[in-house]
Each structure stands twice: as C-alpha cells, then as structure tokens.
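Since the structure comes first, as structure tokens, the remarks are kept for the end.
The values are calculated or read from the model by the stated rules, or taken from the named source; none is laboratory data. Worth saying up front: this structure is predicted, and the values here are computed from it rather than measured. Quick reminder, even Gly has a Cβ in these numbers, built from the backbone with ideal geometry, and neighbours come from all protein chains shown. Side chains included, ligands, DNA and RNA excluded: accessible areas come from the protein's heavy atoms. Shrake-Rupley method; radii C 1.70, N 1.55, O 1.52, S 1.80 Å.
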Amino acid sequence: MNHESTNPSLIVTHYGENPEEQFGAVVPPIYQNSLNVYPTVDCYLNGGDEHHPYVYMRVSNPTIRLAEQKIAALEKAEDALCFASGMAAISSTTLACVKSGDHIVAVRNCYGPQYSFMSSYLARFGVTVTFVAGERVEDFVEATQDNTTLFYLESPTSINFRLQDLSAIAQFAKSKGIFTLIDNSWATPIYQQPITLGIDAVLHSASKYLGGHSDIVAGVLCGSKEFIARVQGQERAMLGGILHPQQAFLLTRGLRTLPIRMKNHQESALAVARFLEGHPKVKAVNYPGLESHPQYALGRSQMSGYSGLMSFELKTDDREQIASFVDRLEWFQIGCSWGGHESLAIPPMLNTPQEHLDEIGSSRGLIRISIGHEGAETLIADLEASLEKVRV
Ligand SMILES: *Cc1c(COP(=O)(O)O)cnc(C)c1O
C-alpha cells in the first residue's frame with residue numbers, strides 16, 4: 001500500500017503509511033519526542049543512518065514528515081515542509097528567496113500580512129517590492145527590474161478573486177532567472193497544481209482547506225528537493241517555525257477527507273454563487289466558477305475546480321444596511337479565516353475610505369462568504385431572507 005501514488009484519494013488515505021511498522025495500528029502514532037537517540041557514537045557522529053534519520057524536532061519528525069509527504073504528492077512536488085502557520089511558511093520562504101538589494105514583484109491583493117511583510121518589514125533589509133494587479137502577464141513583465149529575484153503570486157486572490165496566468169508568468173520568470181512562489185490556499189492541490197504549470201514553489205495556509213476543520217493553524221511549502229532541503233536547513237531550522245507533531249497529526253487527519261470536502265464546497269458554492277448572481281439586490285459576484293467571471297476561460301485552463309470562498313457586492317453603500325445584512329444571517333457566522341465546516345461572512349471593506357475603494361476597484365458593500373457544509377439549500381434560504389430586508 002506504500003506505493004507511489006498520483007491519485008488524490010489514495011494519497012490522503014494510504015500514501016506514506018505502513019501499518020505493519022506500527023503494530024498494525026491503522027492510524028500512524030504521534031511522535032511527541034524532542035530528540036532521537038542513537039545506538040553508537042559512530043552513528044551519532046555520522047548524523048544517523050537509514051534506521052535513524054531523525055535528530056531533533058525543530059529540524060524534522062516522523063509525524064510531521066507524513067503530512068509533508070502527502071501534501072508534496074498532492075501538489076506533484078518533489079518535497080514539502082510543514083510550518084507552525086501559513087505565515088511562518090510564507091515569511092520563511094520569502095526570506096529564502098531574497099537578499100539585501102533584491103526586488104520582488106507581487107500581486108497587490110495578496111494576503112494582508114504578507115503584503116505588510118514584503119512592503120514594510122523587508123524594507124528594513126533593503127528589499128524593495130512593486131505591487132501589480134497581476135491580471136495581465138504584462139503587469140509582471142513591465143514591473144521587472146534587473147534586480148528582481150522573486151514573483152509572488154496568489155491566484156485567485158482571496159477578496160476579489162482575480163487570477164494570474166500561471167503558465168505564462170512562470171515561462172517569463174524562467175527566461176529571466178526569477179523564482180516564482182504562489183499561495184495556493186484557495187484552490188488547494190485538488191483543483192490547482194501550480195508546479196505542473198511551471199511555478200517553482202507552492203505555499204499554503206493549512207489552517208484553511210488542508211486542515212479543514214477550523215481547529216489548527218499550520219502552513220506548508222512545496223517545491224524541488226534542492227529548494228526544500230535548503231529551506232529546511234536554513235529558514236525553518238534557524239527561525240524555528242516548524243509545525244508541532246500534534247498539529248501535524250490533525251493536519252493528516254484533515255487531509256483524509258480533502259477530496260470529498262472540496263467536492264462538497266464546490267457544489268454548494270456554485271449553487272450559492274448562481275443564486276446571488278440572479279438576485280436583484282446584488283451588484284456583482286466574485287467567484288471564478290461563474291461563467292460571468294472576467295477570467296472564466298483562464299480559470300478553466302489552469303484549475304480543475306473551485307472552492308467555497310467568494311465575495312459579492314450589495315447594491316448599497318450604506319454602512320448600517322451592510323452591517324445589519326451580515327448581522328441578520330443565521331448560519332453564516334461572523335469571523336475571519338475560512339476553509340472549515342462552518343459558513344462565515346464578513347464585510348471587509350466596511351471601514352475602507354472611499355478613495356481607497358475607488359483605487360482598488362472595490363465597494364463598501366462587498367461581503368466575503370465562506371461556504372461550509374451546512375448544505376446549499378439552507379445557506380441560500382439564509383441569504384435570501386436577509387437580502388429581503390436590505391433597502392437599496
Ligand atoms: C489565512 C491565510 C494565510 C495565513 O495563514 P495562517 O495559517 O493564518 O498563518 C495566508 N494566505 C491566505 C490566502 C490566507 O487566507
């Protein structure tokens with residue numbers, strides 16, 4: 001059962017596991033040890049052998065390794081590394097890709113803390129960044145400088161759900177020797193495998209769909225053997241942001257149902273998106289799975305499906321109308337994050353100044369919703385009831 005696998009259902013259920021090696025236990029144990037011991041001084045001094053490949057938990061651990069092997073296989077990457085959070089993975093990997101004097105081109109609507117990490121934090125070390133909309137390949141071409149070493153992508157973005165053309169951007173980056181990194185938390189490897197499109201390395205907040213139950217914070221980096229070994233020895237070991245084994249156990253447990261959860265998220269989200277699109281009090285729906293999405297064709301060419309996070313815009317700019325629309329929802333709880341069993345709703349632009357909204361082409365009445373597993377009928381009825389009371 002421990003064979004190589006390219007089938008996601010077999011990867012999450014069996015890949016990397018061998019019950020024979022653990023007394024027939026069908027679930028791999030949690031290795032909770034900080035250090036490993038060796039039979040001889042020679043073995044210790046040689047850095048172990050095939051029966052003693054582990055040294056110390058900050059560097060690696062069998063429970064963490066299993067989650068890494070499964071996620072690498074799902075992403076069709078050579079290898080992967082788990083981190084204590086999505087941001088630990090993202091910031092550690094970004095640091096691995098730049099040195100003083102380097103320049104990054106990044107998608108403007110990327111995850112907020114990474115926007116701040118690149119624009120403010122890295123500025124202290126003389127790293128500069130140009131943010132681009134990213135919907136045109138030319139956005140990247142035109143922003144590239146002689147000292148550009150990294151393109152940072154997130155497709156789709158998680159507020160307005162716009163895409164980047166991954167193959168075309170990867171091809172241009174390769175011709176210039178620029179490294180490409182993407183945050184793939186939204187699509188997950190079930191629906192998008194950026195490495196197969198030429199992207200160098202993939203990042204996840206595993207706190208979202210990979211974990212899938214809103215009970216862990218975790219991050220993953222996937223890439224080539226060589227890149228992963230370098231980040232493992234440097235940024236992960238030196239900054240120390242490795243995942244904890246108990247969290248890795250829950251991550252592997254969450255992965256078991258990733259393919260079926262994503263299928264359910266997609267089915268419910270498409271039904272909700274179509275309902276919203278047809279509602280007279282809704283100005284726009286931002287969801288790559290709708291034929292009306294401006295980049296629907298691009299999405300079809302690089303993704304095999306769609307997850308459960310989207311946004312839509314109410315036909316009102318009235319603060320009180322927007323807030324009470326969200327307050328009235330029964331099954332959509334109010335909270336950030338996403339990717340779990342529970343549906344969520346937030347109005348992320350409620351306090352954004354109008355000039356800034358105009359600049360980013362968004363509106364105050366934008367509502368971001370995460371579709372959980374309550375069932376599309378229940379969720380649509382909930383949205384419909386609250387929309388009914390909105391005055392436009
Ligand atoms: C939540 C999130 C992150 C950060 O992940 P944490 O696990 O919370 O550190 C990164 N990217 C995206 C798109 C996210 O939604």
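Some notes on this structure:
- For Glu359, the accessible surface of its heavy atoms amounts to roughly 140 Å² (probe 1.4 Å, protein chains only, rounded to the nearest 10).
- Rounded percent of accessible protein surface that carbon and sulfur make up, segment 86-219, 1.4 Å probe: 51
- Rg in Å to one decimal, and Dmax rounded to a whole Å, for segment 238-305 via C-alpha atoms: 17.6, 54
- Between the alpha-carbon centres of segment 16-43 and segment 225-299 there is a gap of 31 Å.
- Phi angles of segment 43-57 translate, via the Karplus equation with coefficients 6.51, -1.76, 1.60 and θ = phi - 60°, into HN-Hα couplings of 4, 4, 5, 7, x, x, 8, 5, 8, 9, x, 10, 10, 7, 4 Hz per residue; Gly and Pro are given as x.
- Karplus-derived 3J(HN,Hα) values for segment 334-348, using 6.51 cos²θ - 1.76 cosθ + 1.60 with θ = phi - 60°, are 9, x, 7, 6, 4, x, x, 6, 9, 7, 9, 9, 9, x, x Hz; glycine and proline are entered as x.
- Shape call, segment 73-177: gyration tensor on alpha carbons, a/c limit 1.5: rounded
- Sequence-distant residues sharing a close amide H with Val129 (under 5 Å, placed H): Ile104
- All lysines inside 20 Å of Lys389 as judged from Cα atoms, apart from same-chain residues fewer than 8 positions distant: Lys281, Lys283, Lys315
- Under-5 Å amide H pairs with Thr148, H placed in peptide plane, nonlocal only: His103
- 11 Å beta-carbon shell around Gly241, net charge (K/R +1, D/E -1): +1
- Just the protein heavy atoms count here, and of the accessible area of segment 246-392 at 1.4 Å, carbon and sulfur take up 50 percent.
- For segment 173-284, the solvent-accessible area works out to 36 Å² per residue, with a probe of 1.4 Å and every protein chain left in place.
- Å² of accessible area per residue within segment 114-159, as computed with a 1.4 Å probe and no ligands counted: 44
- Exposure of Arg136 as accessible area (Å², to 10), given a probe of 1.4 Å and all protein chains: 110
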